[in-house]
Amino acid sequence: MSDSLFSRSVSRRKFLKSTAAAGAGLLAAPTILDVLLADRAYAALPAGLLDEQTMEKLLAIAMSRGGDYAEVFVEYNITNGVSLEENKIRQAEYGIDQGVGIRVLKGEQTGYAYSDELNFDKLKQAAEVASYIAGTAAAGTLPTYDVSPKKSPSMLKIQLDPNEVAVKEKIALLHRANDTARAADSRVTQVNTSFYDSHRMIQVATTDGILSDDRQSMVRLNVTAIVEEEGDRQTGYAGGGGRVGFEHFKDLTPEHCANEAVRLATTLLGAAEAPAGPQMVVLGNGWAGILLHEAIGHGLEADFNRKGTSLYSGRIGEKVASKNCTVIDEGNIVGRRGSIGCDDEGHDSQKNVLIENGILRRYMNDKLNSTLMGLESTGSGRRQSFRHYPMPRMTNTYMLAGEHDPQEIIASVEKGFYAKSFGGGQVDISNGNFVFQVTEGYLIENGKITRPVKGANLIGVGPKVLEKVDMVGTDLELDAGLGTCGKNGQSVPVGVGLPTCRISEVTVGGTDVQGSGGMG
């Protein structure tokens, strides 16, 4: 067996030579930029990763001390990125990350080890370490396992692969956004833009006989505009992407993103301070679904419920929201940022109805928690990379549309608050208490959206907020492809969505809250 278990279009020697001066693959312009522009030595995703026989051997070694279950997770990831600040390209990134993680489960005990050295001796050592951590018996005769290849459905929607697009074309997007933002308003003082794409191939083999693989490409364009007037300095942000091709930016143009970032920043100039106290609140559609993700979604992940730390523990079949609320987590929407062909345990992603007409139907679970709780898999086992063990995570989380015209919802509010978009926040899973910063909010007066406000926060309890949802719009929209969710030190891409919703009462606070992490 060769030292390298991966095929690649660029030799490891050539890749390391081109990136050695950059340490961990973060490369300072313009020197690396000149290299990238002159010689696009991009690697391609390999045709295959580990062969079946090797994975079966590693599974046998991992189970040699009497585990209940084992898996081999293989990853090959290519990343490209470039950013523009102060009218200049300041940073370029190009890297390849690859490795194998091996996990063994024994009851509630988890043994996990990984290797980024891809020769068999190192992988065998990782399997032995994982086996030793989880197992209780002395190593004995190796069992045998057979895995059957299964192709998961692709969630990619790509015509023009971003990995095959020249760096100078990505840079052109950034300059277009930068020039548009600076021309849009004389009060613009600073513009930052960036473009990022990643191309991940995974393969998962398990002692359940699963052998799955998936390709998960991702792109994202970001634009930040800072404006200032008479000492008032405000920031606006826009962008988007998903599991789409470079052609996506013919529709989601850099000009649109730049104008939106400037619009948001200038809207906040001179905005009034948010009025505090309990109010009727209308949530905007799309990105406002971040509140649903954080305040409710995490509480429905199975690990919190198995341990009894979620306020939803043991409540399957109970009413936890108003009848107007049906909440879905769906990982198999083609092209969306949170979508995956299979999860990181090899199960195909699926559409999971979490709350149906206010009734709690299921939790999102992974292999460990579904086994211990006697539940079916929901295809929700996700991990940041081969260096991390999987846990139950969201994919694309949204609320189904209702029956009300969005304008009708606004017109129904005599005095209230319109929260169009959110930033950081804090959530306590055990009791559902949350505080979220509103990045774009307005007063509603006499059935009309009027003055913009700043410094607003929504304060409440997740289930109680859902119970007070009394009007739901017809305008369900998923976000533009911006979300990254953090949990237990791991980050994964996710999507959110929401129709316009009226909540009969939520407390609006006027003090800024610094986000502690879930989405960004």
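Couple of notes before you dig in:
- Inside segment 346-361, residues that are closer than 27 Å to Leu311 by Cα, assigned to a loop (DSSP other than H, G, I, E, B) and within 21 Å of the chain's Cα centre (by Cα) make up a count of 2.
- Tallying residues that are under 24 Å from the mean Cα position of the chain (by Cα), part of a loop (DSSP other than H, G, I, E, B) and of a type in the set (Gly, Ala, Ser) within segment 300-331 yields 2.
- With respect to (1) surrounded by fewer than 19 Cβ atoms within 10 Å (Cβ to Cβ); (2) under 21 Å from Ser322 (Cβ atoms); (3) not hydroxyl-bearing (Ser, Thr, Tyr), the lone exception for Glu376 is condition (2).
- Residue selected from segment 87-116 under the condition surrounded by fewer than 20 Cβ atoms within 10 Å (Cβ to Cβ) and β-branched (Val, Ile, Thr), by the criterion farthest from Ser194 (Cα to Cα): Thr110
- Test: Ala258 is outside any strand (DSSP E or B), within 26 Å of the chain's Cα centre (by Cα), of a type in the set (A, V, I, L, M) and over 19 Å from Lys464 (Cα atoms): yes
- Residues of segment 283-311 that are without any contact (Cβ under 8 Å) to a residue 60 or more places away in the chain and closer than 20 Å to Gly486 by Cα: Lys307 alone.
- Count of segment 96-140 residues, restricted to those that are under 12 Å from Val74 (Cβ atoms) and among the β-branched types (Val, Ile, Thr), is 2.
- Residue list for segment 292-340, restricted to those being among the acidic types (Asp, Glu), buried (at least 24 other Cβ atoms within 10 Å of the Cβ) and under 14 Å from Val353 (Cβ atoms): Asp329
- Only one of the numbered conditions (1) in contact with an Asp or Glu (Cβ under 8 Å, 6 or more places away or on another chain); (2) touching a residue at least 40 places away in the same chain (Cβ under 8 Å) is not met by Gly236, and that is (2).
- Residues being closer than 19 Å to Lys367 by Cα and of a type in the set (Ser, Thr, Tyr) - total across segment 311-331: 1
- Restricting segment 171-208 to residues that are among the small types (Gly, Ala, Ser) and in contact (Cβ under 8 Å) with a residue 12 or more places away in the chain, the residue that is farthest from Leu252 (Cα to Cα) is Ala205.
- Within segment 461-470, considering residues that are in contact with a strand residue (DSSP E or B) (Cβ under 7 Å, 6 or more places away or on another chain) and surrounded by 23 or more Cβ atoms within 10 Å (Cβ to Cβ), the one nearest to Glu294 (Cα to Cα): Gly462
- Extreme residue, modelled with the highest pLDDT, among residues of segment 497-520 that are under 13 Å from the mean Cα position of the chain (by Cα) and part of a loop (DSSP other than H, G, I, E, B): Gly518
- Condition met for Gly424 (in contact (Cβ under 8 Å) with a residue 40 or more places away in the chain, assigned by TED's automatic domain parsing to the domain that holds Gly335 and assigned to a strand (DSSP E or B)): yes
- Exclusive hit being basic (Lys, Arg) and at pLDDT 95 or above, set Arg103, Arg65, Arg40, Arg90: Arg103
This table checks each residue for (1) touching a residue at least 60 places away in the same chain (Cβ under 8 Å); (2) in contact with a Cys (Cβ under 9 Å, 6 or more places away or on another chain); (3) of a type in the set (Phe, Trp, Tyr).
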| residue | (1), (2), (3) |
| --- | --- |
| Ile328 | yes, no, no |
| Gly335 | yes, no, no |
| Ser339 | yes, no, no |
| Cys342 | yes, no, no |
| Glu345 | yes, no, no |
| Ser349 | yes, yes, no |
| Asn352 | no, no, no |
| Ile355 | yes, yes, no |
| Asp366 | yes, no, no |
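- From the options Leu58, Leu105, Leu49, Leu84, residue that is among the hydrophobic types (A, V, I, L, M, F, W, C) and under 30 Å from His175 (Cβ atoms): Leu84
- The number of residues in segment 455-496 being free of Cβ contacts under 8 Å to residues at least 60 places away in the same chain and under 12 Å from the mean Cα position of the chain (by Cα) comes to 2.
- Checking Gly441 against (1) buried (at least 19 other Cβ atoms within 10 Å of the Cβ); (2) in contact with a helix residue (DSSP H, G or I) (Cβ under 8 Å, 6 or more places away or on another chain), the condition it does not meet: (2)
- Matching residues, segment 434-448, being modelled with pLDDT of 95 or more, of a type outside the set (S, T, N, Q) and over 10 Å from Phe417 (Cβ atoms): Glu440, Glu445, Gly447, Lys448
- Qualifying positions in segment 440-486 - in contact with a Gly (Cβ under 7 Å, 6 or more places away or on another chain), within 17 Å of Ala272 (Cα to Cα), assigned to a strand (DSSP E or B) and among the aliphatic types (A, V, I, L, M): Ile444, Val453
The values are calculated or read from the model by the stated rules, or taken from the named source; none is laboratory data. Keep in mind that this is a model prediction, so the values were computed, not measured. Neighbour counts run over all protein chains shown; Cβ positions are idealised from the backbone, glycine included.
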